[in-house]
1. Say we look at segment 355-412 and pick out the residues that are away from the ligand (no atom under 15 Å from the Cβ), more than 27 Å from the chain's Cα centre (by Cα) and of a type in the set (Lys, Arg); which of these is surrounded by the fewest Cβ atoms within 10 Å (Cβ to Cβ)?
2. Checking the structure you have, find out if any residue of segment 298-321 is among the aliphatic types (A, V, I, L, M), in contact with a Leu (Cβ under 6 Å, 6 or more places away or on another chain) and in the same structural domain as His220 (by TED's automatic domain parsing).
3. Go through (1) crowded, with 21+ Cβ neighbours inside 10 Å; (2) acidic (Asp, Glu); (3) modelled with pLDDT under 50 and name the single condition Asp167 misses.
4. Output the residues belonging to segment 426-442 that are crowded, with 23+ Cβ neighbours inside 10 Å, within 14 Å of the ligand (Cβ to nearest atom) and at pLDDT 95 or above.
5. Would it be correct to say that Leu213 is crowded, with 22+ Cβ neighbours inside 10 Å and at pLDDT 95 or above?
6. Could you please tell me which pairs satisfy a Cβ distance under 9 Å, a separation of 6+ or placement on different chains, a first residue in segment 378-390 that is more than 14 Å from Leu364 (Cβ to Cβ) and touching a residue at least 12 places away in the same chain (Cβ under 8 Å), and a second residue that is among the polar types (S, T, N, Q) and surrounded by 13 or more Cβ atoms within 10 Å (Cβ to Cβ)?
7. Scan segment 110-132 for residues that are farther than 22 Å from Leu298 by Cβ and surrounded by 17 or more Cβ atoms within 10 Å (Cβ to Cβ) and report the count.
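The values are calculated or read from the model by the stated rules, or taken from the named source; none is laboratory data. In this text the structure is predicted, and so the values were computed from the model without any measurement. Note that we place each Cβ from the backbone using ideal geometry, even for glycine, and neighbour counts take in every protein chain shown.
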Amino acid sequence: MLQMVQRPSPIPKIIHHGDKQLRTAIRCFSTLKDGDEKVTGNVVSPLSSFGEDNSGESGGGFTGSDNSSATSSSTTSTSRAVNSIASLNGNKLTQPLTPPGPETFPAWSYEPRPFFHFELLYESKKSLARVGRIHTPHGIIDTPGYVSVATNAALKGRASQKKNGRDFNENAVKVNEEGVLFRSYRDGRKIPLTPESTVQAQKAFGADIIIPLDELPPYHIDDAILRDSVERTHRWEARSLKEHLKNVRNQAMYCVIHGGLNRQLRKESVNYLTSLPFDGYAIGGSLGKNGDELMELLGWMMPMFNEDGSNSSGEVMQGHVNRRNKPRHLLGIADEPSILGAVRHGIDTMDSCYPTRLSRHGTLLSREGKVHIKSGRYSRQYGVPVDRECNCSTCLHYDRPYLWHLFKAKEPVFVQLATIHNLQYMNDLMEKQRQMILEGKI
Ligand SMILES: [Zn+2]
């Protein structure tokens, strides 16, 4: 049996931006060391490529856009079938619909990265669960592992198109080929986000792992509109990767697999995005309306990530890639059962706003069940920490009555203390999962 070297889990760093809108585009993993300097100002470079019309039609409506990335994608000749949904919609096309193929990326970008790699230590014989390590410039992430993101995935709510493809929510005033235009809820200012600008922002931010800009269509959407969205996201991701490869700076970039619950689209998304030189695979898009649908989706999708593309003599075949040796991240799932189920389906890392959101609502996770601290029953449990088995600084220094008091008094420090604990709880949970896989229990 392999002996896991357990490292003390660093408390993930929550990074705050001055502007809520900017956070929507910046999702970075928390492998940052304490003391790392982070840019916290307006790091999204202003772009002038968004016109003022709100037509919301894909491929149109921009003025003065920089088409350099579009030009590069227009020279591609990928064999992938592309459904021209935009022409189906009657939209005027100014950008090619075919995403750039793997041959449009430089040969060096397919070579192993010295600063980032996934080390597969053990694969379960009972399930797709596996134990590994992601080596990053700022340390090692033991997997399966919970990683906190610096931001929540607010983009999901904001960049979403409503069903008719034109009716956008109040924040995302436009989604089209160039990117997303948000309206600041604070001052009404329009904030443009493009694949390129979000990569630049995450680079300035010092993210170890960059997640490209994507669009999350709603759960209920018809297949034609979903295809349109998935393919636009593919083009955005290819543009993001090209922007990233201009100046890698020891940072990694994951793709985001889309396709909702549509098997054909998921398959196309896996095939296309894994053919490009991304450093890992994030599972995004609609993951179903509940935990059962998520498990069903992972059940038929995750085996695709176990394909190593090898022939009978073990060599990776022409035109295939070994998907086993890259890490898989599940974006933005919530509850504990989903997290544990995802591990069994071969997910290596996951994030969610769950621990921080619970903290804000006064809920603390514990091995004895959730502690809803507002309840008066906790006000007299002197000397009892949130979780007796937890070694986080909150549990070492504060008891339940003190936390009850802080919550009741609406002291902002409560959320900090609760978040420290909830994140530690998640890390402990994942550590236990790793042990159980190694012991053959999962
Ligand atoms: Zn604790």
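1. Per the criteria, the residue is Lys410.
2. There is at least one residue in segment 298-321 that is among the aliphatic types (A, V, I, L, M), in contact with a Leu (Cβ under 6 Å, 6 or more places away or on another chain) and in the same structural domain as His220 (by TED's automatic domain parsing).
3. Asp167 satisfies all of (1) crowded, with 21+ Cβ neighbours inside 10 Å; (2) acidic (Asp, Glu); (3) modelled with pLDDT under 50 except (1).
4. None - no residue of segment 426-442 is crowded, with 23+ Cβ neighbours inside 10 Å, within 14 Å of the ligand (Cβ to nearest atom) and at pLDDT 95 or above, so the list stays empty.
5. no
6. Every condition considered, no pair remains.
7. Number satisfying all stated conditions: 2.
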